[in-house]
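The values are calculated or read from the model by the stated rules, or taken from the named source; none is laboratory data. Model, not experiment: these values are computed from the prediction. Counting neighbours? That spans all protein chains shown, and the Cβs are built from the backbone with ideal geometry, glycine included.
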């Protein structure tokens with residue numbers, strides 16, 4: 001049993017900064033380190049090493065490994081952090097505008113904001129748990145003030161407040177129903193109620209300082225059980241309808257309601273999750289349908305809402321087989337620059353889905369970051385585990401120093417971000 005525990009401790013020690021072990025940080029890391037020191041000492045003092053048996057010596061040797069693994073992982077993390085916090089001003093100005101980051105520590109978030117290393121913050125459950133609206137508003141206002149003192153543009157403050165099962169800021173904000181509850185109402189009533197819901201949602205978000213809602217979901221509702229091992233996506237419970245016309249109708253009204261309250265909308269998760277068979281929070285996924293079929297169904301809500309509003313577009317981590325089967329859409333130039341910017345003519349802000357998801361982080365996240373920026377993605381979201389920002393920014397920093405980032409794409413992205421900040425409507429469509 002102690003041998004199996006040692007192997008487990010080795011895995012935990014070597015991977016303690018990985019996002020899937022985020023729940024073990026803090027006290028969990030302390031316990032791991034204490035066990036990695038105390039257990040081998042206890043085994044040696046008990047004579048396990050001196051008894052001459054190979055099994056006993058192997059057990060002691062195994063328990064000597066977790067602590068160095070833990071220290072090595074911490075060294076790598078601190079190296080990424082050091083590179084990020086000490087990046088030169090030119091790199092910070094070029095790269096910092098592209099990241100929206102979740103945070104656990106307001107002080108660390110303020111440091112990133114004050115240095116210009118990020119464009120915005122992602123606020124979620126752990127940032128508001130047990131706190132009042134006034135306390136949350138005060139923290140966000142303090143972070144914005146720190147940004148102002150640094151002479152930088154205001155932070156984007158984003159949240160996932162879709163309604164229904166995804167209401168990450170409730171409490172303290174009032175939980176609102178899912179947009180799907182409006183789908184079967186008569187068209188004129190559902191439009192009115194969707195806009196009212198958007199306005200109510202927007203006013204609540206604005207009251208605490210959130211100015212970008214990562215909603216609404218435009219994926220078509222899948223058949224029950226289509227997505228295997230679906231622990232987090234839960235599109236069947238989040239989608240408005242399986243009818244693309246209804247989705248477009250409800251979503252556009254909701255977006256207008258948010259906009260009336262001064263909160264931007266983000267339609268998601270292009271190219272659509274309703275047809276895929278895997279949860280991208282954990283696994284790679286491919287959307288295997290023709291462009292013609294997708295244009296007629298799944299993509300109709302995206303095109304209609306983007307053409308008639310100032311909504312941003314979130315691109316998910318699904319590979320679009322008909323256009324670029326080799327990489328997820330979130331970092332595919334064929335999809336972002338070719339289809340979205342070229343064919344569709346959409347020149348608004350494109351946001352990646354959370355880079356701390358298995359479909360991306362389980363592979364080469366550095367390649368994904370560089371390809372996303374070179375493909376024309378404007379904002380890269382690092383939400384679930386904000387600590388991964390240091391590794392991800394270091395990837396971008398290394399690419400910048402090697403000359404691996406496309407200057408023309410970065411300049412075009414800067415223009416789109418400035419346009420969005422000025423609330424100018426996106427050209428095209």
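Structure values in brief
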quantity	calculated
Residue match in the range 241-250 (condition: buried (at least 23 other Cβ atoms within 10 Å of the Cβ), under 22 Å from the mean Cα position of the chain (by Cα) and assigned by TED's automatic domain parsing to the domain that holds residue 349)	no
Residue in the range 292-312 that is in contact with a helix residue (DSSP H, G or I) (Cβ under 8 Å, 6 or more places away or on another chain) and either in a strand (DSSP E or B) or not assigned by TED's automatic domain parsing to the domain that holds residue 205 (or both) present	yes
Output for the range 222-258, where each listed residue is touching a residue at least 40 places away in the same chain (Cβ under 8 Å), part of a loop (DSSP other than H, G, I, E, B) and within 17 Å of residue 305 (Cα to Cα)	239, 240, 241, 243
Conditions (1) at pLDDT below 85; (2) assigned to a loop (DSSP other than H, G, I, E, B); (3) closer than 26 Å to residue 361 by Cα; number of the one not met by residue 20	(2)
Subset of the range 150-165 that is out of contact with any helix residue (DSSP H, G or I) (no Cβ under 6 Å at 6 or more places or on another chain) and within 18 Å of residue 231 (Cβ to Cβ) - its residue that is surrounded by the fewest Cβ atoms within 10 Å (Cβ to Cβ)	164
Residue that is farthest from residue 411 (Cα to Cα) [pool: residues in the range 325-344 that are surrounded by fewer than 24 Cβ atoms within 10 Å (Cβ to Cβ) and touching a helix residue (DSSP H, G or I) at 6+ places or on another chain (Cβ under 7 Å)]	327
Search result, residues across the range 308-321 that are buried (at least 16 other Cβ atoms within 10 Å of the Cβ) and over 24 Å from the mean Cα position of the chain (by Cα)	none
Test result for residue 197, surrounded by 15 or more Cβ atoms within 10 Å (Cβ to Cβ) and out of contact with any strand residue (DSSP E or B) (no Cβ under 6 Å at 6 or more places or on another chain)	yes
Given (1) in contact with a helix residue (DSSP H, G or I) (Cβ under 9 Å, 6 or more places away or on another chain); (2) within 29 Å of residue 394 (Cα to Cα); (3) part of a helix (DSSP H, G or I); (4) modelled with pLDDT of 90 or more, index of the condition residue 7 fails	(2)
Residues that are touching a helix residue (DSSP H, G or I) at 6+ places or on another chain (Cβ under 7 Å), crowded, with 21+ Cβ neighbours inside 10 Å and closer than 23 Å to residue 376 by Cβ, drawn from the range 90-106	95, 97, 98, 99, 101
The listed residue being within 19 Å of the chain's Cα centre (by Cα) and over 22 Å from residue 134 (Cα atoms), out of 220, 234, 205, 197	234
Selection status of residue 109, surrounded by 13 or more Cβ atoms within 10 Å (Cβ to Cβ), closer than 30 Å to residue 314 by Cα and modelled with pLDDT of 90 or more	yes
Residue list for the range 279-295, filter: in contact (Cβ under 8 Å) with a residue 12 or more places away in the chain and over 22 Å from the mean Cα position of the chain (by Cα)	288, 289, 290, 291, 294
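Quick grid of which residues meet (1) free of Cβ contacts under 8 Å to residues at least 60 places away in the same chain; (2) more than 30 Å from residue 236 (Cα to Cα); (3) in contact with a strand residue (DSSP E or B) (Cβ under 9 Å, 6 or more places away or on another chain); (4) outside the structural domain of residue 240 (by TED's automatic domain parsing):
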residue: 94; (1), (2), (3), (4): no, yes, no, no
residue: 98; (1), (2), (3), (4): no, yes, yes, no
residue: 101; (1), (2), (3), (4): no, no, yes, no
residue: 106; (1), (2), (3), (4): yes, yes, no, no
residue: 110; (1), (2), (3), (4): yes, yes, no, no
residue: 118; (1), (2), (3), (4): no, yes, yes, no
residue: 129; (1), (2), (3), (4): yes, no, no, no
residue: 145; (1), (2), (3), (4): yes, yes, no, no
